[in-house]
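Contents: one structure, followed by commentary.
The values are calculated or read from the model by the stated rules, or taken from the named source; none is laboratory data. These figures come from a predicted structure and were not determined experimentally. Here Cβ is always computed from backbone atoms with ideal geometry, including for glycine, and neighbour counts include all displayed protein chains. Heavy atoms of the whole protein, side chains included, go into the accessibility calculation; ligands, DNA and RNA do not. Shrake-Rupley method; radii C 1.70, N 1.55, O 1.52, S 1.80 Å.
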Amino acid sequence: MPAQGKHRRSQSTSLRRGLAAVTAGGAVLALPVIGATSAFAAAAPQQAVAPASVSAQVNSAVQATPAQHSVAAGETLSKIAREYSVSGGWEKLYEGNRKIIGENPDLIHPGIKLTLGTKAEAPSGDKAGKAAKASPSAARGAEADRADRSERIDAAPVAKATPAAEKAVTYTNDLDGWIKESLAVMAEQGIPGTYEGIHRNIMRESSGNPAAINNWDSNAVKGTPSKGLLQVIDPTFQAYHVPGTSTDSYDPVANITAACNYAADRYGSIDNVFGAY
């Protein structure tokens, strides 16, 4: 029994030494391979994640940048809002561009640039900086993508410089149409007045007859009878004539706009006139 036990220990010791030798020998060749594999497995996700993170941050800032639209002749806020799918419709578009459009949303001048949406905050400089440091190549790629997107955004309005514009606004050849056309001209010239104020004074002065003339009052005695819808004498018509309208004092639109221009100068607005003026 002792001899067998000793023999067994000898074999065991030899086997352990053999395994130790193989393990020690194998470790020289196997450990670097295992280490390299582990290092590669750990590094790969970082290389895959970093570019996506930088690109997402930069792209989100680019996508939030509002585009601009250069207004073409015949366009309306409703048409532009539909064309660009503006959230909130023409009311939101008008609200964001009210300073450049003015008080009348129905009147937008060709050539003005409208901002389509609200500019979002850019990503935190600290976060963007860390992401760029983590992967310089990804930052360069994101910057190139941003430049490419900016060019596309800037170019979009140019491509629509000559859209299939809606028909130009037309006015009926009657009292309602004359007043509405006059209001459009007045809005362009900054002359105050409302439909109700103009209509009320026209009905008092001429009953809506554009050829009306007063041949019996003091002005007629002086040789300058009152004429047209708002009964304007020639000297007043000439002094307050609005550019772009007819020089004929009987012309309905020219007569209304000149009279409203005069009333604005003297009374603040045609709306403030309730009798002979």
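Assorted remarks:
- Count - residues of region 195-227 that are among the small types (Gly, Ala, Ser), in a loop (DSSP other than H, G, I, E, B) and open to solvent by 60 Å² or more (accessible area, probe 1.4 Å): 2
- Looking across Ile101, Ile80, one residue alone is aliphatic (A, V, I, L, M), under 30 Å from Leu230 (Cβ atoms) and at pLDDT 50 or above. It is Ile101.
- Asp265, sole failed condition from (1) assigned to a helix (DSSP H, G or I); (2) crowded, with 20+ Cβ neighbours inside 10 Å: (2)
- Checking Cys260 against (1) open to solvent by 20 Å² or more (accessible area, probe 1.4 Å); (2) in contact (Cβ under 8 Å) with a residue 12 or more places away in the chain; (3) outside any loop (DSSP other than H, G, I, E, B), the condition it does not meet: (1)
- Within region 98-113, considering residues that are part of a loop (DSSP other than H, G, I, E, B) and of a type in the set (A, V, I, L, M, F, W, C), the one farthest from Ala67 (Cα to Cα): Leu107
- Region 71-97: number of residues that are open to solvent by less than 90 Å² (accessible area, probe 1.4 Å) and either assigned to a loop (DSSP other than H, G, I, E, B) or without any contact (Cβ under 8 Å) to a residue 24 or more places away in the chain (or both): 16
- Complete set of residues in region 224-270 that are of a type in the set (D, E, K, R) and either over 15 Å from Ile202 (Cβ atoms) or out of contact with any Asp or Glu (no Cβ under 9 Å at 6 or more places or on another chain) (or both): Asp234, Asp248, Asp251, Asp265, Arg266
- Residues of region 167-194 that turn out to be open to solvent by less than 80 Å² (accessible area, probe 1.4 Å) and modelled with pLDDT of 95 or more, as a count: 19
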